[in-house]
Amino acid sequence: MPTTKKAKIVKVAKQANVAPKKIAKVGSSQMKGFLDFIRTHGVIGLAVGLVLGGAVGVVVKSLINNVVMPPIGLLLGSAEGLTGLKWAIGTVNGKEAVLQYGVFLNDFINFLVIAFVIYFIVHMLRLDKLDKPKS
């Protein structure tokens, strides 16, 4: 005769000399502890940040690369925008060693704009109120 899941729990509980209801209470308290952990340690905020960062990141990067950087690069003497700014630091075996600081500046500006947009969206939608304050 096959045993059911409930019968297995009762059998294990009897062997451990513990009432089956106490096992259920342990599971319930662990679930409550898990939900408290999620709320107090900012897991919701982290999830929101990841989702919004992925969604908004592509649009903001396109805005920066295609609208903002070309005029800035033109002012600094590069037709390729900031990504065209380079500094040749020497040659090795006939190949030029180049420090591409413009790419770094471009990525840094992308980061700042994306961080600002995420901050603005989280505060505008009041998503920062979802997390429980730490005690």
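The values are calculated or read from the model by the stated rules, or taken from the named source; none is laboratory data. All values reported here derive from a predicted model rather than from experimental measurement. Cβ: placed from backbone, ideal geometry, glycine included. Neighbour counts: every protein chain shown.
Annotations for the structure displayed:
- Failed item, numbered, when GLY49 is tested on (1) modelled with pLDDT of 80 or more; (2) under 30 Å from LEU35 (Cβ atoms); (3) among the small types (Gly, Ala, Ser): (1)
- Those residues of the range 38-55 which are touching a helix residue (DSSP H, G or I) at 6+ places or on another chain (Cβ under 9 Å), surrounded by fewer than 16 Cβ atoms within 10 Å (Cβ to Cβ) and β-branched (Val, Ile, Thr), in sequence order: ILE38, VAL43, ILE44
- Look at the range 77-92: where a residue is among the charged types (D, E, K, R) and a partner is at pLDDT below 80, sitting 6+ places away or on another chain with Cβ atoms under 8 Å, you get GLU80/GLY73.
- Lone unmet requirement of (1) among the charged types (D, E, K, R); (2) within 28 Å of GLY102 (Cβ to Cβ); (3) not assigned by TED's automatic domain parsing to the domain that holds VAL103 for ASP36: (2)
- Test for LYS61: is it in a helix (DSSP H, G or I) and at pLDDT below 70: no
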